[in-house]
Amino acid sequence: MNSFLLQVVTMSAPLLLLAMAGYASERSGVINIGLEGKMLTACFVCAAFAPQFGAIGGVVMAILAGIVISMLHWTLTQVYRIDHIVSGMAINLLASGGTGFLEASGFAKNTLTEAQRLPLWFYYAVALLAPFLLFWAANHTRFGLQHKSVGSDPSKARLLGINPQRIRLLALTLTGVFSGLAGSLLVSETSTFTKDMTAGRGYIALAALILGGWRPIPAALSCLLFGLATAVQIQLSGKPMFGMQIPSEIWKMLPYIVTLLALAGLLGRNRTPAGLGKH
Amino acid sequence: MKAKIPILFAVSIAIIVLSLVLVKANIVQPIATIFTGSLGDARRISGTIKEMTPLLILGSAVYLALKAGLFNIGAEGQYTVGACFGSLSMIAIGGGIGVAVGCFVGIITGALWALPAGLIKAYRNGHEVITTIMLNAIALLMTKALVAGPFKGPDQFTPSTSMMPVQSRLVPLFTIGNLEIPQSFVVGIVIVLLLAYWLKRNVSGFELKATGANPTAAKFAGVNTKQVTVKAMLMSGGLSGLAGALQVAQFEHRFYDGFATGYGFDALGVALLSGSNPAYLILSSFFFGAMNKGGTALVILGVDKGITTVVLSIVIVMFAAIRYRKKEDIRE
């Protein structure tokens, strides 16, 4: 039972951190298909720098990388006003191609030792606190309220004297921090970088965010639910259920099907921020 | 417009050089390899055409949706589903009729796979990008489960259908020496031309463009924009499914786990690069095809293929920045 719980936490914590990264950007109105690429970059940077700079250095570099690539995203969407979907897809391509190329050229090849990884409980503690902190900040701080209003209607927010671009700059910085943490957690769990190791986690995190109606605590719970589904799938793989063999793919499909149903409005009303993708 | 293409080209070269300097590799040889590997001789040009064919059809599919204001990221999933069910019917029926039925099944299943995204977009205002990403993931997992379980070919060791019988495979339309022109390539060209005609000269094509350009104005002009959205998604999905079925009939001759190798995502780049004129789909899919083919040749030199992906992504972003910035300003 204990090992099962550990599996649930292992599976859901990176998702949760990444979903918080998605929350920071999407609630401010920046559609973030690029989560996958941001996490992958962070994974690569953490694995590449931790052997030289130590555990803390690796995580700091990963967070910086997350911030840099989020700033790129901000420049593309807010300054050049490229479509959010196009820029997000481009970031994913860039990250997948770039890290693959650098890895094949001999970077980030080392397996991280115990001393080169931050202890996992540190990440888990951050993952546990982050949704509550974000929830509190969204409703009780000046930035939180401005953040929400920019995401709901950027032109009305502008009339109130809020600068949407500035708020989104800060929001995307936060996205960078969280995707950096999510990436370094994934590397700490597996202790080595492999090509395209995020394996669609960016999209599942996005799904969790949608299922949670773009609210931090429900999104975190959705991540736990998806983590639970994955752990159950690992436990059951190869074992017959109800007298027949259920392919593991069925379990893997669950998060996506549930998200589709949520988007179809079958699980409560659609809570998409109204200013998503608008300038 | 025309002056920008050399800029994009120069930047692509600059990125490759920079990355190669970074990893301290030889600079001249990899760049030369991309060119010779994709266009060096007739056999390699055939390879580029082979890479280009699915991109041409998928590019038209994504382009059509884009004209209606929809991002069909789901081309990958619709392509997979079309290929899976198309190949199953081709193998079950066999012969020329099998290929025809398989293509039809591919169109239907691809369209059905896009339908939920269209319906959710039109009637629930759920973003089509999110729904199609979910549908992509479901398509990949579902087809894997199908060809690993009930439809696994008895002679196969990996999750895959059995091979199509040799006599029912599509042969190249004609061959000149080593240069092969596949039938599906010609189908792709015809689709592009038909699409260009339909968008320009047909009422429903015009309604689709109007919906994409300004949905509110289109609605006031009497266009049923919800219906157009669903129709555009259906057509786009149908074309993607057809691309999958043709890929099976012409090149792959079976469906297996890992069939879709990112053509659906490249197609978005193809559609974006072709800008306002569907005829440019031919040029941009050629560019992507040549990059894919040239990238494969790089692997022999020990340079990872990822570098071409990086170049393509930067080209897409630069093109989008140049092209779509003005449009945004008008909308505001």
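The values are calculated or read from the model by the stated rules, or taken from the named source; none is laboratory data. Just so you know, these numbers come straight off a predicted model, no measurement behind them. So basically every Cβ, Gly included, is an ideal-geometry build from the backbone, and we count neighbours across all protein chains shown.
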What's the number of the condition residue A:57 fails, among (1) within 23 Å of residue A:27 (Cα to Cα); (2) more than 11 Å from chain B (Cβ to nearest Cβ); (3) small (Gly, Ala, Ser)?
(1)
Can you tell which of B:217, B:297, B:279 is free of Cβ contacts under 8 Å to residues at least 60 places away in the same chain, more than 11 Å from chain A (Cβ to nearest Cβ) and farther than 21 Å from residue B:111 by Cβ?
B:217
Members of region B:63-98 found to be within 14 Å of chain A (Cβ to nearest Cβ), surrounded by 24 or more Cβ atoms within 10 Å (Cβ to Cβ), in a helix (DSSP H, G or I) and in contact with a Gly (Cβ under 8 Å, 6 or more places away or on another chain), listed by number
B:75, B:76, B:77, B:80, B:81, B:84
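With B:137, B:148 as the choices, which residue is at the interface with another protein chain (Cβ under 10 Å from one of its Cβ atoms) and surrounded by 20 or more Cβ atoms within 10 Å (Cβ to Cβ)?
Of B:137, B:148, the one residue that is at the interface with another protein chain (Cβ under 10 Å from one of its Cβ atoms) and surrounded by 20 or more Cβ atoms within 10 Å (Cβ to Cβ) is B:137.
Among A:55, A:21, A:90, A:115, which is among the aliphatic types (A, V, I, L, M) and either touching a strand residue (DSSP E or B) at 6+ places or on another chain (Cβ under 9 Å) or under 24 Å from residue B:20 (Cα atoms) (or both)?
Selected residue: A:90, the only one of A:55, A:21, A:90, A:115 that is among the aliphatic types (A, V, I, L, M) and either touching a strand residue (DSSP E or B) at 6+ places or on another chain (Cβ under 9 Å) or under 24 Å from residue B:20 (Cα atoms) (or both).
Out of region A:74-85, which residues are touching a Leu at 6+ places or on another chain (Cβ under 6 Å) and more than 8 Å from every other protein chain (Cβ to nearest Cβ)? Steps first, answer last, please.
Filtering region A:74-85 down to residues touching a Leu at 6+ places or on another chain (Cβ under 6 Å) leaves A:74, A:82.
Within region A:74-85, A:74 is the sole residue that qualifies.
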Residues satisfying the stated conditions in region B:248-276, i.e. within 13 Å of chain A (Cβ to nearest Cβ), within 30 Å of residue B:146 (Cβ to Cβ) and touching a residue at least 40 places away in the same chain (Cβ under 8 Å)
B:257, B:262, B:264, B:265, B:266, B:267, B:268, B:269, B:270, B:271
Return yes or no: is residue A:236 within 13 Å of another protein chain (Cβ to nearest Cβ), at pLDDT below 85, over 12 Å from the mean Cα position of the chain (by Cα) and more than 30 Å from residue A:101 (Cα to Cα)?
no
Does residue A:70 satisfy the condition of being hydroxyl-bearing (Ser, Thr, Tyr) and surrounded by fewer than 21 Cβ atoms within 10 Å (Cβ to Cβ)?
no
Screening A:253, A:197 for residues that are closer than 30 Å to residue B:309 by Cβ, surrounded by fewer than 24 Cβ atoms within 10 Å (Cβ to Cβ) and without any contact (Cβ under 8 Å) to a residue 24 or more places away in the chain leaves only A:253
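With respect to residue A:94, is the statement that it is within 9 Å of another protein chain (Cβ to nearest Cβ), aliphatic (A, V, I, L, M) and either assigned to a helix (DSSP H, G or I) or under 20 Å from residue A:167 (Cα atoms) (or both) true?
Working: within 9 Å of another protein chain (Cβ to nearest Cβ): yes; aliphatic (A, V, I, L, M): yes; either assigned to a helix (DSSP H, G or I) or under 20 Å from residue A:167 (Cα atoms) (or both): yes.
Yes, satisfied.
Please find, within region B:121-134, the residue that is farthest from the other protein chains (Cβ to nearest Cβ) out of those that are touching a residue at least 40 places away in the same chain (Cβ under 8 Å), over 20 Å from the mean Cα position of the chain (by Cα) and crowded, with 20+ Cβ neighbours inside 10 Å.
Applying the filter and picking the extreme gives B:122.
Can you name the residue in region B:166-183 that is aliphatic (A, V, I, L, M) and more than 19 Å from residue B:101 (Cα to Cα) and, of all such residues, is surrounded by the fewest Cβ atoms within 10 Å (Cβ to Cβ)? Steps first, answer last, please.
Going through region B:166-183, the residues aliphatic (A, V, I, L, M) turn out to be B:166, B:170-171, B:173, B:176, B:179, B:181.
Next cut, more than 19 Å from residue B:101 (Cα to Cα) only: B:173, B:176, B:179, B:181.
Working: B:173: 14, B:176: 9, B:179: 15, B:181: 16.
Ranking the candidates gives B:176 first.
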Just checking, does region A:30-51 include any residue being touching a Cys at 6+ places or on another chain (Cβ under 9 Å) and under 15 Å from residue A:181 (Cα atoms)?
no
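Is it the case, given these coordinates, that residue A:30 is within 14 Å of chain B (Cβ to nearest Cβ), within 24 Å of residue B:315 (Cα to Cα) and part of a loop (DSSP other than H, G, I, E, B)?
Values: within 14 Å of chain B (Cβ to nearest Cβ): yes; within 24 Å of residue B:315 (Cα to Cα): yes; part of a loop (DSSP other than H, G, I, E, B): yes.
Yes; evaluated as a whole, the condition is true for this residue.
Which one of B:74, B:106, B:37, B:94 is at positive phi and either of a type outside the set (A, V, I, L, M) or modelled with pLDDT under 75 (or both)?
B:94
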Looking at region B:108-120, I want the residues that are within 12 Å of chain A (Cβ to nearest Cβ) and have a partner that is small (Gly, Ala, Ser) and surrounded by fewer than 22 Cβ atoms within 10 Å (Cβ to Cβ) with Cβ atoms under 9 Å, at least 6 apart or on another chain. Which pairs are those?
B:116/A:264; B:119/A:264; B:120/A:264; B:120/A:265
When residue A:191 is run through (1) surrounded by 13 or more Cβ atoms within 10 Å (Cβ to Cβ); (2) within 14 Å of chain B (Cβ to nearest Cβ); (3) among the small types (Gly, Ala, Ser), the failure sits at (2)
Is it fair to say residue A:88 is under 16 Å from the mean Cα position of the chain (by Cα) and either surrounded by fewer than 19 Cβ atoms within 10 Å (Cβ to Cβ) or within 13 Å of chain B (Cβ to nearest Cβ) (or both)?
yes
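When you look at residue A:68, is it away from chain B (no Cβ under 14 Å), more than 24 Å from residue A:150 (Cβ to Cβ) and in a helix (DSSP H, G or I), yes or no?
Numbers: away from chain B (no Cβ under 14 Å): yes; more than 24 Å from residue A:150 (Cβ to Cβ): no; in a helix (DSSP H, G or I): yes.
Here the answer is no, as residue A:68 does not meet what is asked.
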Based on this model, can you work out whether residue B:65 counts as farther than 23 Å from residue B:265 by Cα and touching an Asp or Glu at 6+ places or on another chain (Cβ under 9 Å)?
no
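Name the residues in region B:93-152 that are among the charged types (D, E, K, R) and more than 29 Å from residue B:171 (Cα to Cα), would you? First the steps, then the outcome.
Going residue by residue through region B:93-152, those that are among the charged types (D, E, K, R) are B:121, B:124, B:128, B:144, B:152.
B:121, B:124, B:128 - these are the residues of region B:93-152 that are among the charged types (D, E, K, R) and more than 29 Å from residue B:171 (Cα to Cα).
Hey, can you tell me all the residues within region A:101-135 that are within 14 Å of chain B (Cβ to nearest Cβ) and either without any contact (Cβ under 8 Å) to a residue 40 or more places away in the chain or over 23 Å from residue A:17 (Cβ atoms) (or both)? Let's see the steps before the verdict.
Initial filter on region A:101-135 (within 14 Å of chain B (Cβ to nearest Cβ)): A:101-109.
Selection gives A:101, A:102, A:104, A:105, A:106, A:107, A:109.
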Out of (1) more than 9 Å from every other protein chain (Cβ to nearest Cβ); (2) modelled with pLDDT of 85 or more; (3) more than 18 Å from residue A:182 (Cα to Cα), the one residue A:256 does not meet is (1)
Could you tell me which numbered condition residue A:110 fails, if it satisfies all but one of (1) surrounded by fewer than 18 Cβ atoms within 10 Å (Cβ to Cβ); (2) in contact with an Asp or Glu (Cβ under 8 Å, 6 or more places away or on another chain)?
(2)
